[in-house]
Every structure is written in structure tokens, then in C-alpha cells.
Number of protein chains: 4
Amino acid sequence: MITDNLRGVVPPVCTPLTPDLDVDVASLTRLVDFLLDAGVHGLFVLGSTSEVAFLPDGHRQRVVETVAGHVAGQVPVLAGAIDMTTLRVLDHARAAEKAGADGIVATAPFYTRTHPAEIDRHFRLLADGLDLPIYAYDLPVSVHIKLPAELVLDLAADRVLAGLKDSSGDDGALRTILLRARELTGFSVLTGSELTVDSALHMGAHGVVPGLGNVDPHGYVRLYQHCLAGDWDAAAREQDRLVELFGLVDAGDPNRIGRGSSALGAFKAALYLRGVIDCPVTAPPQLPLTDNEISLVRDRLVAAGLG
Amino acid sequence: MITDNLRGVVPPVCTPLTPDLDVDVASLTRLVDFLLDAGVHGLFVLGSTSEVAFLPDGHRQRVVETVAGHVAGQVPVLAGAIDMTTLRVLDHARAAEKAGADGIVATAPFYTRTHPAEIDRHFRLLADGLDLPIYAYDLPVSVHIKLPAELVLDLAADRVLAGLKDSSGDDGALRTILLRARELTGFSVLTGSELTVDSALHMGAHGVVPGLGNVDPHGYVRLYQHCLAGDWDAAAREQDRLVELFGLVDAGDPNRIGRGSSALGAFKAALYLRGVIDCPVTAPPQLPLTDNEISLVRDRLVAAGLG
Amino acid sequence: MITDNLRGVVPPVCTPLTPDLDVDVASLTRLVDFLLDAGVHGLFVLGSTSEVAFLPDGHRQRVVETVAGHVAGQVPVLAGAIDMTTLRVLDHARAAEKAGADGIVATAPFYTRTHPAEIDRHFRLLADGLDLPIYAYDLPVSVHIKLPAELVLDLAADRVLAGLKDSSGDDGALRTILLRARELTGFSVLTGSELTVDSALHMGAHGVVPGLGNVDPHGYVRLYQHCLAGDWDAAAREQDRLVELFGLVDAGDPNRIGRGSSALGAFKAALYLRGVIDCPVTAPPQLPLTDNEISLVRDRLVAAGLG
Amino acid sequence: MITDNLRGVVPPVCTPLTPDLDVDVASLTRLVDFLLDAGVHGLFVLGSTSEVAFLPDGHRQRVVETVAGHVAGQVPVLAGAIDMTTLRVLDHARAAEKAGADGIVATAPFYTRTHPAEIDRHFRLLADGLDLPIYAYDLPVSVHIKLPAELVLDLAADRVLAGLKDSSGDDGALRTILLRARELTGFSVLTGSELTVDSALHMGAHGVVPGLGNVDPHGYVRLYQHCLAGDWDAAAREQDRLVELFGLVDAGDPNRIGRGSSALGAFKAALYLRGVIDCPVTAPPQLPLTDNEISLVRDRLVAAGLG
């Protein structure tokens, strides 16, 4: 199914944890159902929103098995293979493949100091070593490098990459890639932005991977459909509502906890408040939101009509 | 043995690989003997110079087993537990402990956006979960954050940390820590700099973890001994010779390969040229040095009297 | 005239220089006529595209006098007051006011390490010291800080700022500001992006300050009018043509000259090739484009129908 | 006098201001006497510690005239010509020359995106346009680029540069430059570090430009003399005392004011408390220290024996 272009709303699935930090399989399954019922077009497990950076290998495997098993082919399931360099990424990707993933999402090397020619080699070696389609994950806030457009386009032209998940926030660069990728078949470009989905789809992006899509998948599906229908005014109104809702990521006091902990904690708090998951805990060393901060999340839900 | 302060020359041991990218156990053992014969005071496996970011878990385990087994208690063997966040680091650290390591070296979280309070929590959770002493690894070039002095000193005072490996290159900050750490017992501060070892020891650092110490361990042992003896002029002369030798890390053309690949490739080329290891290959996606670039390494060895 | 919201296409005007590096007043006047004839709605002198960072105070004054004098009130003329901190910016702003500018564009402090509370104070002191409306210039690539949304909105609510020129490239943050600025009257948000103008206007931005608008002002005016008319498909086609044309900024070899020199050199080369200015020289220490690189600029012009 | 190598303690002179933000000439003169009486070997006006980034051109001129006039050739007076690019730096440098400076200190271009070849051109154009000796100022925290060692050494070998003021904090890179600069005559390397002066002099640096030298010039002169005498133990003790004193730069609450404001405010508060200057005000938009924070400065002075 994934040999065609991946399109639509593909949420990066949160990883619910039990109070003692195991994968909460029941909550995860319920979350998957919540997303599928809303009409999402694919799922991305083990992305940043999934707290992949915080999950040990055992947790990672359980997540892929749980989600791929439960989805059972209804929509494609992409799995992040997030690690520092090629051989380590290959290990994760093979484990995800065995666990049932339909595609692999991988970043450029990080922690190391890598030349663009080595990033190119990295993705080519991944493609050589794997059977599944590979999606490049452009995430400068974590990887501390932006994937150069030429590099992505060369890899796409050589069919090393099946797609790009662009979380760079740089929509000018995204547009350049979209324009030049138009003649390429089988290359899917997904924006990771929660805030500029209508813009990205208007430019020609094929879909969106919104972290906030865990909390309000129905909103993102509506937004996508408005865009497909060319109703850009309705799309803008839906997007604006989601921009307001996205304010929940700032619930955590920046003098107290990290911006990542605030965002991931707020997504989980919202899923908990909406009754989808049993426990809003995030993985260490992230600090949890306070009760007051969780109230701010509740306020945002209410204001967005989700309370 | 490691309950006393760790002191002296503790090289971060290169990881020799076979042409098909397995751990070259014979070469690794030979390298360990080369270092021990030179009189080093400890070994640090699975650090940046060891290509830890490039090694799959299987390789990592084989390295610790090989080195800890071969050293058999002659000197302490520290092992890097290098991964993004707490639970993943704990997994690596427990594996290293089982494989025979005497201490664990860990960075702050990376890839994620982490608040200092969360870095603090990270190290405290590591200490709670492990029996081995923990050394904080300050490596802003990889982790993209500098460990704050107050944080390190608090963790040291609370005996969460047994020491600090400072590879920040910021000797002013190092001095501040050294000054304030003076009253602490059992806290060992090692500089990761190849170039300012005499300065760091003069300020009160307890030892050095020099990547270049793979290539010229005798030089670093002499340098350390001059410092111990208070012969700062002799120390400066030895240090200056090593600064010249260190120029080999720039052998690789920066328009072609990464600075990491150049440095690691040069260390391994030098070990190969000196007859210590069988194959200078580095792990993917690093690009290898060219023959011309390896000649530059040879020139540096000759100039330093190691040809 | 500028008391109403500034709207539309407001190109940052290139500063043509003579071969001996004086302001080329005749070429500058011709460029202004070229832009006005195309129907632009305002002019921004002494911005980054104007090489403001390279121009001595005498040049700066001549530019404002020339442009404001020639325009003579047909459209508003904004002037950059680009310097490191408050008192220096005030000096530039007062000189620009005397020379006839209608509004002032200023960044946060740079070179210094400044707290957001101090950035806030900076803009308030500027407003206290000046009669002209002040536009905040968000340019992280130069200033090395992104203006926080809350800060901008507070200053807008307090009528310290008349508007924002957003060259951050972060359209998600831009949308958040636009959404929250909706209830504010007299606050004008202009995108500095050449590549996402239709997106920005669709989100509610009031106008655009495109460096490439020097080269193809007619294109940006058409694009703006398509957006005003709600013809988003025609807008996307025009924008896509301009994205292709924008490729000229990469004419210069990155192994040889800076990205700024490449872009500014390409804009001036294009204006020279189009017969608008007499000499494409850029200010030192920028290195000039080679003949081959200028050919690449010509190719882009031809492909965009401007050859 | 400056044709010989510049050596010794060369404090970057604070710029005392009146409550209404003019240059306080009387206090400045008193500060110069305070420094000369302590035995400093040169003065550096219009550096970062002088708040050069905050001073309008009129203030800058008054500072150079005041200090150069008062010093009257007893020691060399260097002046910072701090601006974004070549032509602007030339204007400042010529003004400083007219006002009596003996040498010019200039950074690489900032605010712009500059290639190393353009930095090279920048310094060569400065040398072509000026009669005074030029010192390169390596200050990555402000300029956001580190001057490459090869670039500095090439410019030194071609006698474009008379020296380097290294405020990079990277003592490994400093040592590499010092080693390779040994055969060059007439090239003076000064460290900008307050904290590693003995180390830098031990490596072969010619002198030091310590901001804290405003507050305790006698300490830095003693430290320099111990180093000259090869009494490294006494040097380390003096340096350690100064490291403790340097803690005053952190007096300002980081959640409230910038790190620059804290450091500059603390230096001026200390000078005020020591009776050297009349008013501790810093230039806008810097926020002032609170009374409690000034008490912390007083505590540090007392602890260092200066209370």
C-alpha cells in the first residue's frame, strides 16, 4: 500500500506509559483507535512526539508490535529509527521491520560532526541495508543540521528516499523542495508543522505529521479535507482554531522545565483529560506539568471545543 | 581501586574495526597493551574517540568485554554509556557493568530540549540506578549544551558524580570548577583536551583523557610526570610537541569529509602506520582519508619523532 | 499616510554603488522609478538587501535623502536604523527622520548578550525617543535571536510598534502572531520571505518585503493582487515562478564566497543585466560573482521570462 | 612605542557614564590613573568591557580623546573600531587615529554572513586603509564566528596584523596559534580571559586584556610579574584569587537581566564601591543591578581583600 505516495494526516503517535514507565499497551491501542476513527491516513510511531529519544529498545519494539499488530494494514505504519549513526539506525530499522512497520523514518547523523557527503552516504547505506521505504526526517532542533535541499532531491531522484518529513519550520525551503520534486514520482513530502498545514498543502505537500493530531485528529482530518477540496477559507479557519489549541504546548513554565517536556507533557495531559489514555506521565528525565499547568491545558481544550 | 580519585593519563581507546566493520579484537587487545606498556593510568572505552556514536550495541559490548577482560584490573576501565536520555543510558550502563567496566561516563541528554533541572534529574536517576561511579562528560560539540558549573558542583557535593570529563575546551570554566571542587573529596576532574594538559594540571585537574594519547601514549605519560614533578618548562616542551602532532587531525579535506571523520581517521591511520592496529577503517557513514591525506598523517608522525 | 496600516509590496531597495564604492544616485533613482512603475506600495531603504551593514553613515544618509526626495510622498519610505544597541540606533533613526523617512525599522540589539526584558526596553526607548512609527525587524540569521511572539504582541498592544517585518523564516511563529494580532488596530505584519508570500497573506499578513522584489517587482505586485482577489491558484503559480527565479541567490560558489555576497551580488547582477543599474559591484569585504556565476543569474532571468 | 611587541597587562577600560548617559570624563580620567598607578602596560579603550557596542560615535570619540590625551604616551592606547563591516570599521578607526589612538582592534564582520576569504579581505583592506597597527579581536560570543588559526597566521605572516586579542575562551586553539606564531616577529598575542592568564602566559602569550583588570589591576600586574619570573605557583595562587573575584560577574539574576548587563554592571558597581568612578550606570538597554545584587559584588570585593 505504501508503494504509492503516502498522503494525508499521519499523526506521530504518543507513547502512553504506565506509572512505572512501561508501555501502556491498552492506552496505546485506545489511542490508535481514536486516531483511526477520526479518519487519519497513516500512523507514525517512534517519532519525537512519541518520546522515541526517551524509550529503551524494549519499549520501542513493543510500540511497533502493538500498533502495527492492531492496525493490521488498515493504514500504513511508519516507524522512526532514531539513533546517532548508520549502523545503529540499521539495527533499529530492522527491529521495526520485524515488528511490522511499513516504512522507516530516519534523521541525518547527530551527536557526530558530519559532512553533507556523509549524510548522503548515510541514507544510501540505509537504503542498501533495508527493504522498507525510507523517509528522511528533517529536524534541525534535534539534529542541529538542516538537510540541504539538493541532498534531499538527489536522494529522491535516485529512489533512495520515499519521502521527507519536514519539521524544519522553514517553509521557504520546503517550497523549494516541493517545486523541484514535482516531476519525481513516488516521493512524498509531509510537513511536521502543526501550524502551517494549509500553507504546506497549498504549496503541494502530500500530507502532515502533526503532534497535535494526537489531541485533535478530527480537526486535522477536516483541515486536510478542506485543502483537498480547495476550500482555503474553511481550511484557514480550521487551521486558526488549531493554532489556538497548539498554545497548550507552552503550558509548562520555561523557568522550570524544558520546552520538550512542556509540549509532550501537554499532549499527554490533553489525551488524559479527553479520556483516551490512562496516565499522562512522560519518560525521565522530563519533569511533569504541575496541576496549575494542566489546568492551562484544560482551558485550551475547552476553548477549542474539546473540553 | 576506583574509590580513590581517578588520576593520570586515561586515553579514550580507539575501536579498531575489521574491513567488514566488526570489532577487531586482536588489534584492540594490541592497542590496550600498547597503552598499558606506555604507563597510562586508566582506560576509557566507548568515548567519542572510540567511535561510540557509530557502534551498535553488540560492538559496544564486545569492546568492554575485551578491554576489561584483558586489563584484568591493572588499571580502571571507564565505559561510555552514550545515548539520548536516562532510560537508554541506564541500559547501556548496566550492560557495561556486566561486561566488566569499573565506572560509567555519561553526557547530559541530547537530541531533546532539556532544562538544567532535568539534566540534574538525569544524573541523579543514573546514580540511583547504578552501582558504579558516574563521570559526567561535558562535550558541547556533540551535546549542544555546556554543563553549568553549579550543576556539576551540586552533583559532586551530593556524591552523585565521581568526576567530570571536561571536553568543553573552556578552560576558564574548568578553572572555576576546579577551584570550587577543591574541598570535595573523591571528585576527579579530567580534561579532554589534547592541547592544554599542562595548563589543566597546573590548575589542579587530576588527569587527562587525550584522544591523541592513542597515538602517542608515551608522550602524554611523560607530560603528566613533568607536571607531577612541577617541571613546567619540560611539560610545556612536551605539550608543544604534542600540539604539533595533533595537527594530524586536520589531514582530511574539510570540503570533502567531516571534522570528526578527519580526526578519527587520522588517529586510526597513525595507529596503523605505527603497527599497532591492522586496519584503519572507520565506521560508516564516515568517509575515509585518501592516500594523500594519510601521507600528511605520516609526516606529522615523523616530525614528532614517531615515524 | 503611514498612520494607516502599511500594506502591500514594500521592496527592500538595493543600494547601487559606483565602481569606487560611492552611492550611485542616478542608478538608485532609476531603481526607485522601476519599482514605483511596477506598482509597489512602499519602499524600505537600508535593509539587509540594501547592504545596510556595509554602508558608512554618509552613504546611509545619501540613500534616504535620495529615495525619500525622489519618491516625494507617493508611497511610504521606511528606513532601517541598523546598529547594535539603543543609543546608536537612535542616532541612525534621527538622521533618517531628518533625511525624510516615514518610518523606522530596527532589530533587537545584536553583538551584545541581551535579555528579552532588555529587548523590550530597547524598543520602548526607541519609541520614546522618536516621532516616526517603528517596525520591529525579526532577523535571526543576523541578530542571532528570534523575537519572542509575546514580546512583539505586548509592544504592539502598547503601540510601541507600528508593525513587524518578519524575516525569521518561521511561518508557524508568524501565524501565531498574526492570529493574536488580529484585534490590534494599526499593527502591520510584513513577511520578509520571497518564497511563501501567498501563504503569509493567506494567514493574514498585510504585506511583503521581498529582496527579490528588486529584480521582479511586477511579479510580486501580481502575486499580491492575486492574493487580495482570493485567487490562490493564480497566486501559487506566480509564487512558484518566483521561487524558481529566487534560485539566483545561490549563483555564488559556497566554497568561495559567503551566502550573503552570493545573494546580494546576484540581485545586483540581475538589476544590471535588466538595465536598471549601471554597476553590479557590492560593498567590501564581499567578494564579487565571477562571470560564470553571473551567467547563472542570466539563465534564471531568462527562465523566468525576464531575460 | 608600539612597533615592538605589545606585552603585559592591557585592561579594556570601562567607560564611566553620568546619570544622564554622557561620558563621565572625570571618572574616566580617574580610572585611567588608577590603572596606570597599578602598573598596567597598555590600555584598550572601546572594547566590549568599555560598552563599545552601546556608545554612540560622539561618546566613542570623547573616550579616545580623553584617554589618549591623559595618558600622553606613557603606555600604548589601543582603540576598538567595532562595527559590522569594512567601510564602517575604517570610519571608526580613522576617527580613533585622529583622536590619538596608537593601535586599532577590529573583529571579523558580524551581522552579515561572511566567508573566511572575505574575513581575510576585510583585514587586508583595513591594513591598506590605515596607518596604525591592527589587532584582530576574536570574540565568537559576539561575532558568532571563531577566527580560524590559519587565517590569523597568514595575516600575521603578511604583517597585516600586529597582534591578536583572543577572547574565544578556546585555549587549545590559542596554543596552536602561539606555537606557530613563534617564528613571527612583531606579532603580539593577548588573551582576553580573566581566568587562565597564567596558562596563557605559560604557553607563550605576550599579555592579557582582562575586563576584571578594571576592578583589580594590581592583582593582574602581580600575576603577570609572577609569570614573567617563572614563579608558577605564586601565579596560580594570584590567579585563583582573581577567579573567585570574577564570580561578581554573575551577580545579576539570569532570569531578569542579560549576562552582559550583569558583568558590565558588576564591574562598574565594583569601581563605584572602590571609589574610582562616580556612578555605576550602564548604557541602555541594559538593565541595572539591584541593591541586593550590588551587595553580592561588595561581598566578592571583601572576600578578595578589596573591600
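The values are calculated or read from the model by the stated rules, or taken from the named source; none is laboratory data. Not measured: the values here are computed from a predicted model. Glycine gets a Cβ as well: all are built from the backbone with ideal geometry, and neighbour counts include every protein chain shown. Ligands, DNA and RNA are stripped out before the accessible areas are found, and what is left, the full protein with its side chains, is counted by its heavy atoms. Shrake-Rupley method; radii C 1.70, N 1.55, O 1.52, S 1.80 Å.
Out of D:Ser50, D:Ser27, one residue alone is open to solvent by less than 20 Å² (accessible area, probe 1.4 Å) and closer than 21 Å to D:Ala136 by Cα. It is D:Ser50.
D:His41 meets each of the listed conditions (1) in a loop (DSSP other than H, G, I, E, B); (2) surrounded by fewer than 22 Cβ atoms within 10 Å (Cβ to Cβ); (3) free of Cβ contacts under 8 Å to residues at least 24 places away in the same chain apart from (3). Here D:Met203 fulfils each of the conditions (1) under 30 Å from B:Gly192 (Cβ atoms); (2) within 18 Å of the chain's Cα centre (by Cα); (3) in contact (Cβ under 8 Å) with a residue 12 or more places away in the chain apart from (2). Can you confirm whether B:Ser199 is open to solvent by less than 10 Å² (accessible area, probe 1.4 Å) and more than 9 Å from chain D (Cβ to nearest Cβ)? When the stated conditions are applied, B:Ser199 does not pass them.
A count restricted to segment A:258-281 and to residues that are buried (at least 23 other Cβ atoms within 10 Å of the Cβ), in a loop (DSSP other than H, G, I, E, B) and within 14 Å of chain B (Cβ to nearest Cβ) stands at 1.
Answer yes or no as to whether D:His122 is surrounded by 18 or more Cβ atoms within 10 Å (Cβ to Cβ), part of a helix (DSSP H, G or I) and touching a Lys or Arg at 6+ places or on another chain (Cβ under 8 Å).
Details: surrounded by 18 or more Cβ atoms within 10 Å (Cβ to Cβ): yes; part of a helix (DSSP H, G or I): yes; touching a Lys or Arg at 6+ places or on another chain (Cβ under 8 Å): no.
When the stated conditions are applied, D:His122 does not pass them.
Specify the residue that is surrounded by the most Cβ atoms within 10 Å (Cβ to Cβ); the eligible residues are those in segment D:186-195 that are within 9 Å of chain B (Cβ to nearest Cβ) and in contact (Cβ under 8 Å) with a residue 40 or more places away in the chain. So the residue we want is D:Leu195. Got at least one residue in segment D:59-72 being in contact (Cβ under 8 Å) with a residue 40 or more places away in the chain, more than 30 Å from C:Ala93 (Cβ to Cβ) and over 18 Å from the mean Cα position of the chain (by Cα)? The answer is yes; a qualifying residue exists. Set side by side, the residues D:Leu296, D:Leu287 differ, and just one is aliphatic (A, V, I, L, M), open to solvent by 10 Å² or more (accessible area, probe 1.4 Å) and within 14 Å of chain C (Cβ to nearest Cβ), which is D:Leu287. Residues in segment D:54-85 that are within 12 Å of another protein chain (Cβ to nearest Cβ), surrounded by fewer than 24 Cβ atoms within 10 Å (Cβ to Cβ) and not in a loop (DSSP other than H, G, I, E, B): D:Asp57, D:Gly58, D:His59. Looking across segment A:208-226, the residues that are within 13 Å of chain C (Cβ to nearest Cβ) and within 30 Å of B:Asp120 (Cβ to Cβ) come down to A:Gly211, A:Leu212. Looking for something out of contact with any Pro (no Cβ under 8 Å at 6 or more places or on another chain), assigned to a strand (DSSP E or B) and buried (at least 24 other Cβ atoms within 10 Å of the Cβ) - is there at least one such residue anywhere in segment B:203-217? Yes, the conditions are met somewhere in segment B:203-217.
If the condition is being assigned to a helix (DSSP H, G or I), touching a Ser or Thr at 6+ places or on another chain (Cβ under 9 Å) and in contact (Cβ under 8 Å) with a residue 12 or more places away in the chain, then segment A:169-182 contributes A:Asp171, A:Leu174, A:Arg175.
Residue by residue through segment A:133-162, note down the ones that are in a helix (DSSP H, G or I), touching a Pro at 6+ places or on another chain (Cβ under 9 Å) and either over 25 Å from C:Pro254 (Cα atoms) or within 14 Å of chain C (Cβ to nearest Cβ) (or both). Walk me through how you get there before you give the answer.
Within segment A:133-162, the subset in a helix (DSSP H, G or I) is A:140-143, A:149-157.
Now narrow it down to the ones that are touching a Pro at 6+ places or on another chain (Cβ under 9 Å): A:143, A:150-151.
A:Glu150, A:Leu151, listed by residue number.
Of the residues making up segment D:31-49, just one is out of contact with any Gly (no Cβ under 7 Å at 6 or more places or on another chain) and within 13 Å of another protein chain (Cβ to nearest Cβ), namely D:Ser48.
Matching residues to (1) open to solvent by less than 10 Å² (accessible area, probe 1.4 Å); (2) within 29 Å of C:Thr85 (Cα to Cα); (3) in a helix (DSSP H, G or I); (4) within 14 Å of chain B (Cβ to nearest Cβ):
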| residue | (1), (2), (3), (4) |
| --- | --- |
| D:Ile104 | yes, yes, no, no |
| D:Thr112 | no, yes, no, no |
| D:Leu164 | yes, yes, no, no |
| D:Leu184 | no, no, no, no |
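Just to be sure, is B:Pro56 free of Cβ contacts under 8 Å to residues at least 60 places away in the same chain and in contact with a Lys or Arg (Cβ under 6 Å, 6 or more places away or on another chain)?
Working: free of Cβ contacts under 8 Å to residues at least 60 places away in the same chain: yes; in contact with a Lys or Arg (Cβ under 6 Å, 6 or more places away or on another chain): yes.
Against the criterion (free of Cβ contacts under 8 Å to residues at least 60 places away in the same chain and in contact with a Lys or Arg (Cβ under 6 Å, 6 or more places away or on another chain)), B:Pro56 qualifies.
Select, from A:Ala99, A:Ala173, A:Ala117, A:Ala149, the only residue that is over 21 Å from the mean Cα position of the chain (by Cα), among the small types (Gly, Ala, Ser) and open to solvent by 10 Å² or more (accessible area, probe 1.4 Å). Show your work before the answer.
Values: A:Ala99 fails: over 21 Å from the mean Cα position of the chain (by Cα); A:Ala173 fails: over 21 Å from the mean Cα position of the chain (by Cα); A:Ala149 fails: over 21 Å from the mean Cα position of the chain (by Cα).
After applying the criteria, what remains is A:Ala117.
Within segment C:133-146, if we keep just the residues that are closer than 29 Å to A:Leu212 by Cα and free of Cβ contacts under 8 Å to residues at least 60 places away in the same chain, the residue that is surrounded by the most Cβ atoms within 10 Å (Cβ to Cβ) turns out to be C:Asp138.
Could you tell me which residue of segment C:227-257 is nearest to the other protein chains (Cβ to nearest Cβ), considering only residues that are among the small types (Gly, Ala, Ser) and not in a loop (DSSP other than H, G, I, E, B)? Break it down stepwise before answering.
Step one: list which residues in segment C:227-257 are among the small types (Gly, Ala, Ser), which gives C:229-230, C:234-236, C:247, C:251-252.
Now restrict to residues that are not in a loop (DSSP other than H, G, I, E, B): C:234-236, C:247.
Numbers: C:Ala234: 12, C:Ala235: 9, C:Ala236: 6, C:Gly247: 8 Å.
The qualifying residue nearest to the other protein chains (Cβ to nearest Cβ) is C:Ala236.
Within segment B:224-236, one or more residues are in contact (Cβ under 8 Å) with a residue 40 or more places away in the chain and either among the hydroxyl-bearing types (Ser, Thr, Tyr) or in contact with a helix residue (DSSP H, G or I) (Cβ under 9 Å, 6 or more places away or on another chain) (or both). If the condition is being in contact with a helix residue (DSSP H, G or I) (Cβ under 7 Å, 6 or more places away or on another chain) and either small (Gly, Ala, Ser) or outside any loop (DSSP other than H, G, I, E, B) (or both), then segment A:3-29 contributes A:Gly8, A:Val9, A:Pro12, A:Val23, A:Val25, A:Leu28, A:Thr29.
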